[in-house]
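Q: Take a look at this one; I'll ask things after.
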Amino acid sequence: MSRDALVSPGELTVTQEAPTGLPDGRRITRWTFGSRTRVMAEVLNLGARLQALHVPDRAGRRVNVVLAGEGVEELLGEASYFGATVGRYGNRIAGGVLPLDGTTHRLATQTPGHTLHGGPDGFATRLWDGVPVRADRQVGVRFRLRSPDGDQGFPGALTAEVTYLLDPDGELSIAYRAATDAPTVVNLTNHAYFNLAGEGGGSVLDHRLQVEAAGYLPVDGELIPFGPVEPVSGTPFDFRETRRIGARLTEDHPQIRRAGRGFDHNWVLDGTGFRRAAVLSHPGSGRRVECLTTEPGLQVYTGNHFDGSLTGRSGGRYGQYAGIALETQHFPDSPNRPDYPSTLLRPGEQYRSRTVYRFSAE
């Protein structure tokens, strides 16, 4: 196994290794980059995936705060979405039906008949092309993928790009770009699960969350939004002030029951442009992450259906609520909901999105 130093601007460094391969012989490559004393990241070309994020606590002790599978079987199976860049359309499209310019496209679907995160062979399962990059005080990796016309049923050949960059202060930036040769829809996001106590460190019920949103989208029994935006006021979805996650999940609310005794919902973020979406913190360690984005929505999923069948990198099993996903994105099922912000991309246009996770300890 080779391990090569690629970029070392001052305190920051990037290294590359090829620790394992796919059943067909293609290699999975891992890049490690960041600060030797603060935040370090590991990414894989399989799914342009955030595989680990080593973050110090208030005493300077670093642990990985991102859930991940380790073996190829897990990366292609039960942990296929963990930390991955999901697309061509993150979240759900109802019935796999994509109406576009008078034509109805039938997309590949998963159980129970909807398209989730781009389909059963979406971007999370692909080997992306990766190169190390450096920008100002940041280092990281840029991934690129070409998705052909008809991929999982989506029209148009799409070129997608995602760039991870870390600075010395512990700010992880994820920037997305895409272009197409025919009208299509695009909704890219990162599917990392965070546990600020440490990967494998128990549940996130003791974490505290604040979300900049006055509204959310209720879902039906198959987790498809079914109506207009509902106000969070007077519901367990009100995180406009910081709240302990576990306290909210004990409330008896039909939407929490419907999602499997937890959250799997889209919050409609206040404001527009690049702004703060959420803050997640862990009182025990002092770790804190502020999430900022250009996106209109934030899908919060609390690992409601984790059942202990997956073993993480630390060797511990992931039980219910072992991590929380903060997925910045457009709304679920937007192609079938003209009242939601559009995800349409046409030739000559460029899809751009940016999300930042800013880590600190207090």
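The values are calculated or read from the model by the stated rules, or taken from the named source; none is laboratory data. Since the model is a prediction, treat every value here as computed from it, not as a measurement. Virtual Cβ from ideal backbone geometry, glycine too; neighbours counted across all protein chains shown.
Q: I'd like to know if the stretch 288-311 contains one or more residues that are buried (at least 16 other Cβ atoms within 10 Å of the Cβ), modelled with pLDDT under 95 and closer than 17 Å to residue 82 by Cβ.
A: Within the stretch 288-311, one or more residues are buried (at least 16 other Cβ atoms within 10 Å of the Cβ), modelled with pLDDT under 95 and closer than 17 Å to residue 82 by Cβ.
Q: Filter the stretch 123-148 down to the residues that are part of a loop (DSSP other than H, G, I, E, B) and touching a Ser or Thr at 6+ places or on another chain (Cβ under 9 Å), then identify the one that is nearest to residue 98 (Cα to Cα).
A: 126
Q: In the set 134, 208, 146, which member is under 22 Å from residue 51 (Cβ atoms), surrounded by fewer than 20 Cβ atoms within 10 Å (Cβ to Cβ) and not polar (S, T, N, Q)?
A: Every option except 134 fails the conditions.
Q: Looking at the stretch 162-190 only, could you name the residues that are surrounded by fewer than 24 Cβ atoms within 10 Å (Cβ to Cβ) and outside any strand (DSSP E or B)?
A: Listed by number, the residues that qualify are 167, 168, 169, 170, 181, 182, 183.
Q: Now for a different question. In the stretch 110-119, is there at least one residue being within 30 Å of residue 312 (Cβ to Cβ), in contact (Cβ under 8 Å) with a residue 60 or more places away in the chain and surrounded by fewer than 23 Cβ atoms within 10 Å (Cβ to Cβ)?
A: Yes, the stretch 110-119 has at least one match.
Q: Given the residues 149, 136, which is the only one that is more than 21 Å from the chain's Cα centre (by Cα) and at pLDDT below 95?
A: Among 149, 136, only 136 is more than 21 Å from the chain's Cα centre (by Cα) and at pLDDT below 95.
So that you can scan it fast, the table gives a plain yes or no per residue for (1) closer than 30 Å to residue 157 by Cβ; (2) within 13 Å of the chain's Cα centre (by Cα); (3) at pLDDT 95 or above:
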site	(1), (2), (3)
38	no, no, no
59	no, no, yes
69	no, no, no
73	no, no, no
77	yes, no, no
82	yes, yes, yes
89	yes, yes, yes
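Q: Being of a type in the set (Asp, Glu) and either at pLDDT below 95 or under 28 Å from residue 246 (Cβ atoms) (or both), is that true of even one residue in the stretch 175-187?
A: So far as the stretch 175-187 goes, no, none of its residues is of a type in the set (Asp, Glu) and either at pLDDT below 95 or under 28 Å from residue 246 (Cβ atoms) (or both).
Q: Going through the stretch 164-201 one residue at a time, which ones are more than 18 Å from the chain's Cα centre (by Cα), under 25 Å from residue 347 (Cβ atoms) and not hydrophobic (A, V, I, L, M, F, W, C)?
A: Listed by number, the residues that qualify are 180, 181, 183, 184.
Q: Taking the stretch 231-251, which residues are part of a loop (DSSP other than H, G, I, E, B) and either touching a residue at least 24 places away in the same chain (Cβ under 8 Å) or aliphatic (A, V, I, L, M) (or both)?
A: Those that are part of a loop (DSSP other than H, G, I, E, B) and either touching a residue at least 24 places away in the same chain (Cβ under 8 Å) or aliphatic (A, V, I, L, M) (or both): 232, 237, 239, 240, 241, 242.
Q: A follow-up question, please. For residue 278, work out the one condition from (1) on the phi < 0 side of the Ramachandran plot; (2) touching a residue at least 40 places away in the same chain (Cβ under 8 Å); (3) assigned to a loop (DSSP other than H, G, I, E, B) it doesn't fulfil.
A: Evaluating residue 278 over (1) on the phi < 0 side of the Ramachandran plot; (2) touching a residue at least 40 places away in the same chain (Cβ under 8 Å); (3) assigned to a loop (DSSP other than H, G, I, E, B) leaves (3) as the failure.
One line per residue, one yes/no per condition, for (1) polar (S, T, N, Q); (2) more than 16 Å from residue 164 (Cβ to Cβ); (3) assigned to a strand (DSSP E or B):
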site	(1), (2), (3)
19	no, yes, yes
23	no, yes, no
31	no, no, yes
54	no, no, yes
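Q: Looking at 283, 228, which is the one that is part of a loop (DSSP other than H, G, I, E, B), modelled with pLDDT under 95, over 20 Å from the mean Cα position of the chain (by Cα) and farther than 18 Å from residue 301 by Cβ?
A: The match here is 228.
Q: Additional query: Failed condition for residue 59, given (1) of a type in the set (A, V, I, L, M, F, W, C); (2) part of a loop (DSSP other than H, G, I, E, B); (3) under 22 Å from residue 123 (Cα atoms), with all others met?
A: With respect to (1) of a type in the set (A, V, I, L, M, F, W, C); (2) part of a loop (DSSP other than H, G, I, E, B); (3) under 22 Å from residue 123 (Cα atoms), residue 59 is out only on (3).
Q: Of all residues in the stretch 41-74, how many are touching a strand residue (DSSP E or B) at 6+ places or on another chain (Cβ under 7 Å), within 16 Å of residue 168 (Cβ to Cβ) and surrounded by fewer than 22 Cβ atoms within 10 Å (Cβ to Cβ)?
A: Counting residues in the stretch 41-74 that are touching a strand residue (DSSP E or B) at 6+ places or on another chain (Cβ under 7 Å), within 16 Å of residue 168 (Cβ to Cβ) and surrounded by fewer than 22 Cβ atoms within 10 Å (Cβ to Cβ) gives 3.
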